[in-house]
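The values are calculated or read from the model by the stated rules, or taken from the named source; none is laboratory data. Here the structure is a predicted model, which means the values were calculated and not measured. Neighbour counts are summed over all protein chains in view; Cβ atoms, including those assigned to glycine, are modelled from backbone coordinates with ideal geometry. These accessible areas exclude ligands, DNA and RNA; they are computed on the full protein's heavy atoms, side chains included. Shrake-Rupley method; radii C 1.70, N 1.55, O 1.52, S 1.80 Å.
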Amino acid sequence: MPEQSFEEMLNETFKTIHNGEIVEGTVIAVKPDEIDLNIGYKSDGVITRNEYSEDSNLDLTTVAKVGDTMEAIVVKTSNDDNMVVLSYRRLAQEKGNEKLKEAFENHEVLTGKVTKVLNGGLSVVVDDARVFVPASLVADSYVKDLHQYDGQEIQFVITEFNPRKRRIIGDRKQLLVAKKEEIQKEFFDNIHVGDIIEGTVKNVTDFGAFIDLGGVDGLLHISEMSWGHVDNPKKLYHVDDKVKVFIKNINGHKIALSCKFDDANPWNGASEKYAVGTIVTGTVARMTDFGAFIELEPGIDALLHVSQISRDHVEKPSDVLKTGMEVTAKVVELRENEHKISLSIKAMDQSEDDAEVETVEGDNE
């Protein structure tokens, strides 16, 4: 039997290793871009920055020091420098995938950090394992710019787990939908028509404003914004404004809101302020072919019929009046229950004539 060489005898004292094998070693040197390990093999092992982390700027001297014990997976048994190429990152991914598999099977909610924003969704890392959350499963409504999630921690569940095909899919949407349903149920269980609540303006349209009442939206229609006339809701409300409203109606999951509180109703006491015969002054708010509506105060408009504008014949109110003009007239009719007041300028002229007649007659006596 031939004698063994010294090298052959030396090699027999070391263990054998194979690609894909997990080895444990002791850190013997650390540089910014690599970590060297004694793995009990004839050659030392090396973990490059790329095989430690996906962060290309990571300084490895900040994560390891001489004497530390580390596990890594064998990528290549020998490189050009006769060192064993190891990967800490790939081992961490394998361990992370095991956790993801368990979470997938148990429908567990996971928390991960968004590390990349892709065209089709988000790349999220959980214990060094990567999960893809498609754009359609990021939120419960369309998100135009996903970059708002970059660097953020988000919660999700695994809905597909196939690491061989690199398909590990996360779903955040179903968690948000479930949470929203929970909030809505609790909200509707505790509210009633007439309740006063403070909300935040979420969106303003031509017909009204949607108010966030705390996870549930209500509609404040333009007709319920004020006792006065509102031409454009966007002039009155803006997104994120705080507003106090009361619940006017609940129809299923639809909530109608109002700002027309009874104690601020301008028609309170109208029978005294606008009794028949009272002389009032207001502003022309709008005109029609049959007359002009005079705003006596916010929330109270009175009709000045075209036949009551002047003793002289008036074809159209716009021939004599214009919007914003101040008008003084007499109240000739009040229907408080119907919130209707009729005015007359002509009646004022008649009153002045009657007064003049009385004066003349008195002088002749």
* Asked: Residues ASP81, ASP44, ASP68: which one is acidic (Asp, Glu) and surrounded by 16 or more Cβ atoms within 10 Å (Cβ to Cβ)?
  -> ASP44
* Which one of the conditions (1) crowded, with 18+ Cβ neighbours inside 10 Å; (2) farther than 19 Å from VAL126 by Cβ; (3) among the hydroxyl-bearing types (Ser, Thr, Tyr) does SER87 fail to meet, given that it meets all the rest? -> (2)
* **the stretch 47-65, residues that are without any contact (Cβ under 8 Å) to a residue 24 or more places away in the chain and either open to solvent by less than 40 Å² (accessible area, probe 1.4 Å) or charged (D, E, K, R) (or both)** => ARG49, ASP55, LEU58
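So, in the stretch 184-216, of the ones that are touching a residue at least 12 places away in the same chain (Cβ under 8 Å) and part of a helix (DSSP H, G or I), which residue ends up least open to solvent (accessible area, probe 1.4 Å)?
At the first step, the residues of the stretch 184-216 found to be touching a residue at least 12 places away in the same chain (Cβ under 8 Å) are 184, 187-188, 191-209, 211-216.
Going one step further and asking which of them are part of a helix (DSSP H, G or I), we end up with 184, 187-188.
On the way: GLN184: 45, PHE187: 26, PHE188: 44 Å².
The residue in question is PHE187.
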* Asked: If the Cβ limit is 6 Å and pairs must be 6+ apart or interchain, which residue in the stretch 123-137 that is free of Cβ contacts under 8 Å to residues at least 24 places away in the same chain pairs with which residue that is open to solvent by 10 Å² or more (accessible area, probe 1.4 Å) and assigned to a loop (DSSP other than H, G, I, E, B)?
  -> ALA135/GLY120
* Asked: Would you call ALA129 within 30 Å of GLN174 (Cβ to Cβ) and within 30 Å of the chain's Cα centre (by Cα)?
  -> yes
* To do: Output the residues belonging to the stretch 22-41 that are among the hydroxyl-bearing types (Ser, Thr, Tyr) and either crowded, with 16+ Cβ neighbours inside 10 Å or not in a strand (DSSP E or B) (or both).
  => TYR41
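Would you be able to say whether some residue in the stretch 104-111 is surrounded by fewer than 16 Cβ atoms within 10 Å (Cβ to Cβ) and hydrophobic (A, V, I, L, M, F, W, C)?
So the first thing to find is which residues in the stretch 104-111 are surrounded by fewer than 16 Cβ atoms within 10 Å (Cβ to Cβ), and the list is 105-109, 111.
If we keep only those that are hydrophobic (A, V, I, L, M, F, W, C) too, we end up with 109.
Among the residues of the stretch 104-111, at least one is surrounded by fewer than 16 Cβ atoms within 10 Å (Cβ to Cβ) and hydrophobic (A, V, I, L, M, F, W, C), which makes the answer yes.
Scan the stretch 283-291 and tell me whether some residue there is surrounded by 11 or more Cβ atoms within 10 Å (Cβ to Cβ), of a type in the set (Phe, Trp, Tyr), touching a Pro at 6+ places or on another chain (Cβ under 9 Å) and modelled with pLDDT of 90 or more.
Keep residues of the stretch 283-291 that are surrounded by 11 or more Cβ atoms within 10 Å (Cβ to Cβ), which gives 283-288, 290-291.
Remaining after also requiring of a type in the set (Phe, Trp, Tyr): 290.
From what's left, touching a Pro at 6+ places or on another chain (Cβ under 9 Å): 290.
Next cut, modelled with pLDDT of 90 or more only: 290.
The answer is yes, given that some residue of the stretch 283-291 is surrounded by 11 or more Cβ atoms within 10 Å (Cβ to Cβ), of a type in the set (Phe, Trp, Tyr), touching a Pro at 6+ places or on another chain (Cβ under 9 Å) and modelled with pLDDT of 90 or more.
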* Among the candidates LYS180, LYS173, LYS116, single out the residue that is touching a Ser or Thr at 6+ places or on another chain (Cβ under 9 Å) and within 24 Å of HIS253 (Cβ to Cβ). => LYS173
* Being within 20 Å of the chain's Cα centre (by Cα) and of a type outside the set (A, V, I, L, M, F, W, C) is the filter here, so list the residues in the stretch 191-205 that pass it. => GLU198, GLY199, THR200, LYS202, ASN203, THR205
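Tell me the residue from GLY277, GLY199, GLY218, GLY228 that is out of contact with any helix residue (DSSP H, G or I) (no Cβ under 7 Å at 6 or more places or on another chain) and at positive phi, please. Even if it seems obvious, please write down each step before you answer.
Numbers: GLY199 fails: at positive phi; GLY218 fails: at positive phi; GLY228 fails: at positive phi.
None of the others qualify; the one that does is GLY277.
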* **Counted residues, the stretch 101-135 - those being assigned to a strand (DSSP E or B) and among the polar types (S, T, N, Q)** => 3
* **Evaluation of ALA264 against (1) open to solvent by 10 Å² or more (accessible area, probe 1.4 Å); (2) touching a residue at least 60 places away in the same chain (Cβ under 8 Å) (one fails), failing number** => (2)
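Residues in the stretch 227-261 that are among the basic types (Lys, Arg) and open to solvent by less than 60 Å² (accessible area, probe 1.4 Å): how many?
1
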* Structure fact -> Of the candidates ASN79, ASN106, the one satisfying the condition of being over 30 Å from TYR41 (Cα atoms) and of a type outside the set (Ser, Thr, Tyr) is ASN106
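Can you tell me which residue is surrounded by the most Cβ atoms within 10 Å (Cβ to Cβ) among those in the stretch 132-150 that are closer than 12 Å to GLY112 by Cα and more than 19 Å from the chain's Cα centre (by Cα)?
Going through the stretch 132-150, the residues closer than 12 Å to GLY112 by Cα turn out to be 132-133, 149-150.
Still in the list and also more than 19 Å from the chain's Cα centre (by Cα): 132-133.
Working: PHE132: 18, VAL133: 26.
Among residues in the stretch 132-150 that are closer than 12 Å to GLY112 by Cα and more than 19 Å from the chain's Cα centre (by Cα), the one surrounded by the most Cβ atoms within 10 Å (Cβ to Cβ) is VAL133.
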